[in-house]
Every structure is written in structure tokens, then in C-alpha cells.
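A quick write-up on the structure given underneath.
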Amino acid sequence: MAIAAARFNNIYNHGMLRVAVVAPVVTIVQPAENGARALDAWMKAHADHAALVVFPELGLTGYSIDDLLLQDTVLEQTEAQIAALCDASADLTPVAIVGAPLRVGGRLYNTAVVLHKGRILGVVPKTYLPNYREFYEGRHFASGAHTSVDEIVLAGQTVPFGADLMFAASDVPDFVLHVEICEDVWVPIPPSAHAALAGATVLANLSASNATIGKSDYRHALCRAHSGRCMAAYIYSAAGPGESTTDLAWDGHAMAYENGVLLAESERFAAGGYTITADVDLELIRQERMRHNTFESCAANHQIGPQTFRRVAFRLDPPLDVDAPLRRSVDRFPFVPNDAAKLSDLCFEAYNIQVHGLVQRLKASHTQKIVIGVSGGLDSTQALVVAARTMDAMGLPRKNILAYTLPAFATSQMTKSNAWRLMRALGVSAEEIDITPACRQMLADIRHPFDEGRKQYDVTFENVQAGARTSLLFRLANQHNGLVLGTGDLSELALGWCTYGVGDHMSHYNVNASVSKTLIQHLIRWVADSHLFSDETSAVLIDVLGTEISPELVPGDGERPAQRTEDVVGPYELQDFNLSYATRHRFRPSKIAFLSHHAWSDAAQGRWPPGQPAQERRSYDLDTIEKWLDVFLKRFFGTSQFKRSVLPNGPKVSPGGSLSPRGDWRAPSDSSSAIWIAELANRVRG
């Protein structure tokens, strides 16, 4: 593979970091054997392009050796093994953290020794020593909370010592490591919480943590919540096979969390030990902290800053010119619920957020009537079923929904038929108003060269139809004291695929404003499968899902839509992916392309949304991904912000955000997309 291609397919060139978490077999009170196994795992992590290897608590001796921890023979052998690891690791890229009991100033400490390329970067003592139930650490160890020295001599090196250490890679700006040990994360304010506020992005925990029924669930809860609150990666390794079972059992539980999301987990009770790897997104962590201003406020309130910790600098030298593809699940559909176990609850929630928003807006507007244009397409279908459920929730007749199908030059028989079937199935007030004469009159008034013979289907021709529809709906709302319900969705707003002003861009209230096209498809399928309405309604909804997405503004054969929206703006599944990572995470275009290729290539292991038909399980090569990402960047950053700056009201539905200028997205209407286009070209192909 060429170096340029390898660099693109390398996680370290996209702000990521591979970590290895080891739950090895331990031979108690045999530091040399345990050190040899640690070195073997370390070398394998190096070959696997990892940057960090985390071992369990007291892994060089075993945690469960009780009073043998105080034996000079054991302690001397431990120190000798640390020296041996230093000598053997000069050419290994990953930082390794091994657990060891160490004598310092006449006291014994339970420590984490941080090693890199033959150098001991520092030694971190455990702060909180459990001395309850089965734990007797206070019998053997001193707490690292108040040490009398801040450096020690170990393996012939003078190294920093203390619980106030952080380790910062000078050549990977977002890689700042903090280490704590087992019980430290079980207390109300773990040391790593302060470290995260001071800038640590990767929090490692060397643990022993014996196994009892239900304890693994609590470990998960701790790591998940702590990584989420700290907006950090939390890397956890617990002692496993080989530990003494005199009174306890050990499950070798290894986990890697990031911002509250589980990236990888070991098999528990694995007889031969276990190693997991996970690719941590350091840029994602940085972006989340930048976006949440309360994170910095919390640090200021607790008077925590970079000076709170001693920083130990090192140069990681990650492998940048090799093929190191991503090992991480990247959802193809970031706006769509992908947890099958919670699917129904998540869809119920999204659907009812829309309904609740519309109920409140109708009450505030002192009206009980809704005016809506129904095209037979996805967006108006979703808005109409939300309107129907809103009337049910308010105890009002569905006849209060004044639904209109408004055919013009390009309306196909298929979509008009679906519109009528849906309106009848839902029992709303349904009417058809042919806007063709009004459109012809406007075209004639502005002297547009359209006639049946010349067929000049330009943007003026198209927007005359879109404008006529919305203008008519507003006048109908005036006439009936109703509220015009918008139908345009989040994806269309992102791409500027909506007619500005008196067009589908405008309404009194838009329940779909923060709902992406892919989520709308999923919600419609959920409504159909859940039979929230009649069987007849469900049948129509399934037919709508099978209809080509089209603006229906250019005439075709009359049976099916002549235009394919995705031929112009790109596949919505790709553009929704681009939208999420560009706005929710603020990633650069080349990283979005990297993630998209990982998720959408033939070899991708991306998860499909539950219930998605097999024929929709498409794949895309890098050329296609780059082509449509280029279209997205030009339309989103360059030409369509003015439409988003004057959006009508609508509820935020997805955690992926909205594009409302009163909510998640504010941007100038006259910016240029040039720097995004250049970055994509330079980083992907350069």
C-alpha cells in the first residue's frame, strides 16, 4: 500500500489512539514469570500498533498474596523485574502500566509503574485503601494521598512519584494519561475526576476486584458513568486467573469506555487470560469538552487546572505510515436507534416529542385546526401521522386536520394515490386542489418561456410550484383559523433542499425540523409495524416507504416520480452520516470520510438499524463517499445557511441535534466552504 493511502487508513492520523487492556494469567509471588507474560503481551500490543497497555493491580506479584507482600524477597524480585522490563522495552512504542508493591521511605505502597521505551515515566501510588469486608489493604500499604517524597530511585532511574502525576505525549496533543488503582474509582470523588478537569483524556485503572454475583454490572455502571461525566476514556483491567482462591474468586474483567459508551469488554473467567483492544477517539473527547462549557466551569469552581498535577512529558512516536485501520463500531445511521432491545421505547419517545410539541403549539396558538399539504412522500406522511396522534391526545376529532393534496405538473399517480389512501385511512378532512392553473398563470405573468412544447424545467419552473403550494396552505390557514404544519426535515435543511420563504421551507410549526430523513423512514416503519393506527394505515405507510424520494417538480410519465432527489444531493444515508459528524462532533472532512469508509465499505461491520430491508443494505467505496461528502460540504457550509437562519419553530427530537438558530447551530449566512473542500482533498488524496 502506498504511504499516502496507509496514512489515510491509519487511526493515528485521525486523532485516535489504540489501547490494549490485559487480564493475564498470574502466578502468585513469581514476579519473573508475571513480568515475562507482561512483556509478551506488551510486544504483541506493539505489533498491533497500540499506544497504551494496561495491566491489573499488583500484577507483578499477584494481588491476593496477603502478608507475603511484606517479604523482602518478594519486593526485591519485584524491583528487579521492573528493571528487566525497562531493559527489554527500549524499542516498544506503547506506554505500559504495571502494578507492583514498592518500598518508598520506609513504607510500602500499592503502585502503578508507568513505562515507555526503557524509561520509567513515573510511579503512581494508590490513594484509597479499602479495609472492609474481604479487603485488608490498610494492613500492608500506606496511602499515596500524603507522601513524604515526590521522586524515587527505581531501576537505576530517578523518577517522579505521587498521586498527582499525569503523562502527556508531546507529539499527540490530546493524549494525556492519568492512572489510578482499583478502589480509587469506587469513592465519591475519584482522583481521576480531578485529573480529567485538569486535562487528562485517558484514565486508566489497574484493579484487582474479586468476583461476586452482580459485581460486574456495578463495575460497568461505575466506568460508564465516570467516563461520561469526565468526558474521557476509562480503561479498566481487573485481576484474573492465577490469583489465590483461598477465600475469593477472580474474573479477569477488562473494559474500555469512552464518554459513557462501551468500546470493548473481555470475556470474564477466561482460563488463559484475556486481552482486548479499543480505539479511543481523542478528538471526540476534546470536542465534547470544548462544547460543554460547564466542564471548564466545574474545574474553575474546584480550583483545578494544569498546575494541580505534575505533567510528565514523553514522545510517543506512534506509527503514522502503516496501515492501521479502525477497530471500532461506527454506526451507519447515527440518527437512528440501533439498540434492538430499546427500539420500541426510543421510537415511542421520538414520536411523542413531536406530538407533545404540536399539542403545546396548538394550545398557545388558540386554534384546534391543522392545515397540511400531503404529497404521499415520507416527510408529509410523518407529519400527518403526528398530527393525527396529536388530535387523539387532545381529545379532538381528526376532521380538525385539514389535509390537502396539491397536484401540479409533475405529480405522479403513485404519490397522489398514496396521499389519498393515507388521508382516508386516518379519517382526516381531505381535499384536492389542483394548483396547475395557478402555476401556469404565474409563469405567464413573469413571462417564463414555459409551454408544453418547449419544456423549460428550470429552477423558476420548479419553485413556482413549491411556492404556490405553501402560499395556498397559508391562505387556507387564514380562512379556517388553522396552523400550517411544516413537513421539511433536518436532512433537507442541512443540504438546502427546500424552497426558501414561501415554499416548503416555511410553516407555522414544523415537527420534522430536527428529524433526519433516515430517522423519518425508521419512525414510519415503526408506526406501521406497531399498528398504532388501522391496518389500512400501516399498509399505506409501507407503500410510502417503498416510493422513490422525489420533489416531483419535473414532469415524468405520470405513473412514477421522474426526479430522484438522491441523484442531486446524494444518498440520504451518507448525507445524514456526514451531517451528524460535521455538526454533532465538529470533525474535519477527512476524518468524516475515514469514519464513513469504515462504516460503509464492503468490509464494514457497521450495525444495521433493526428491521431495515436487506435490499437497503448498501455499501459505498471511498470515491463515492468523497464525492457526496464534497457535495455536502459545498451545500452545508457554502450555500444554504440563510435558510436555516430563519427556521420556523419545531421541537428538538434527536440527540444528534437540530439546525435551529435558537438551538444547536449558529453560523453566518455568507460563509464559504473553501477550507473544508481543501482539507478533504488534501488529506484524503494528498
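The calculated Kirkwood hydrodynamic radius for the range 455-555 is 15.3 Å, given to one decimal from all distinct C-alpha pairs. With respect to the chain, whose longest principal axis is taken over its alpha-carbon atoms, helix 282-291 is tilted by about 60°. Remark: spin-label model distance residue 229-residue 474 equals 5.1 nm, labels positioned 7 Å along the Cα→Cβ axis. Does the range 193-284 classify as rounded, prolate or oblate by the C-alpha gyration tensor (a ≥ b ≥ c root eigenvalues; a/c under 1.5 gives rounded; else a/b over b/c gives prolate, otherwise oblate)? Prolate, because a/c is 1.5 or more and a/b exceeds b/c. Annotation for the range 127-184: GluC sites (Glu not before Pro) lying in DSSP loop with at most 13 further Cβ atoms inside 10 Å of their Cβ are 134. Going by neighbour counts of Cβ atoms within 10 Å, the residues 255, 43 line up, fewest first, as 43, 255.
Shape of the range 12-314 from its Cα gyration tensor (a ≥ b ≥ c, root eigenvalues): rounded if a/c is under 1.5, otherwise prolate when a/b > b/c, or oblate? Taking the square roots of the gyration eigenvalues as a ≥ b ≥ c, the range 12-314 is rounded. Couplings for the range 621-632, taken from phi via the Karplus curve 6.51 cos²θ - 1.76 cosθ + 1.60 with θ = phi - 60°, read 7, 5, 4, 5, 4, 5, 4, 7, 5, 4, 4, 4 Hz in order; Gly and Pro are left as x.
All Cα-Cα distances of the range 340-684, cut into 20 Å bins from zero to the largest, leave 30, 60, 10 percent in each bin in turn. Counting only DSSP beta bridges with both residues in the chain, the antiparallel share comes to about 50 percent.
Order of 293-305, 416-428 by packing, highest average Cβ count within 10 Å first? Could you put the intermediate results ahead of the total?
Working: 293-305: 12.6, 416-428: 20.4.
Per-residue Cβ counts within 10 Å, averaged per peptide and sorted highest first, yield 416-428, 293-305.
Between the Cα long axis of helix 436-445 and the first principal axis of the chain there is an angle of about 80°, rounded to the nearest 10. Name the shape class, rounded, prolate or oblate, that the alpha-carbon gyration tensor gives for the range 23-145, where a ≥ b ≥ c are the square roots of its eigenvalues, rounded holds for a/c under 1.5, and otherwise prolate holds if a/b is larger than b/c and oblate otherwise. Judged from the Cα gyration tensor, the range 23-145 comes out prolate (a/c at least 1.5, a/b above b/c). Relative to its Kirkwood radius, the Cα radius of gyration of the range 413-508 gives an Rg/Rh of 0.99. Label-to-label distance, residue 66 versus residue 436, with points set 7 angstrom from Cα along the beta-carbon direction: 9.4 nm.
Once both labels are positioned 7 Å from their Cα atoms along Cα-to-Cβ, the gap between residue 560 and residue 360 label points is 4.3 nm.
Ranked by the mean number of other Cβ atoms within 10 Å of their residues, highest first, the peptides 53-61, 585-593, 219-227, 379-387 come out as 53-61, 379-387, 585-593, 219-227. Computing FRET efficiency as 1/(1 + (r/R0)^6) for residue 302 and residue 399, where r is the C-beta to C-beta distance and R0 is 60 Å, gives about 0.50. I need the calculated FRET efficiency for the pair residue 33 and residue 107, taking r as the beta carbon distance and R₀ as 25 Å, to the nearest 0.05. With R0 = 25 Å, the Cβ-Cβ based efficiency is 0.40.
Listed by chain and number, the aspartates and glutamates placed with their C-alpha closer than 16 angstrom to that of residue 126 are 57, 137, 150, 151, 164, 180, 183, 184; residues fewer than eight positions away on the same chain are left out. Per the Kirkwood formula applied to alpha carbons, the chain shows a radius of gyration over Rh ratio, Rg over Rh, of 1.08. In terms of distances greater than 29 angstrom between alpha carbons, the cross-link table entries 455/517; 342/399; 416/455; 369/643; 117/215 yield 455/517; 342/399; 117/215.
To the nearest 0.05, what FRET efficiency results for residue 271 and residue 601 with a Förster distance of 51 Å applied to their C-beta separation? The value I calculate is 0.90.
Read-outs throughout are calculated quantities, based only on the coordinates presented, and are distinct from any laboratory measurement. Since the structure is predicted, the reported quantities are computational estimates derived from the model, not experimental observations. Please note: Cβ atoms are built from the backbone with ideal geometry, for glycine as well, and neighbour counts cover all protein chains shown.
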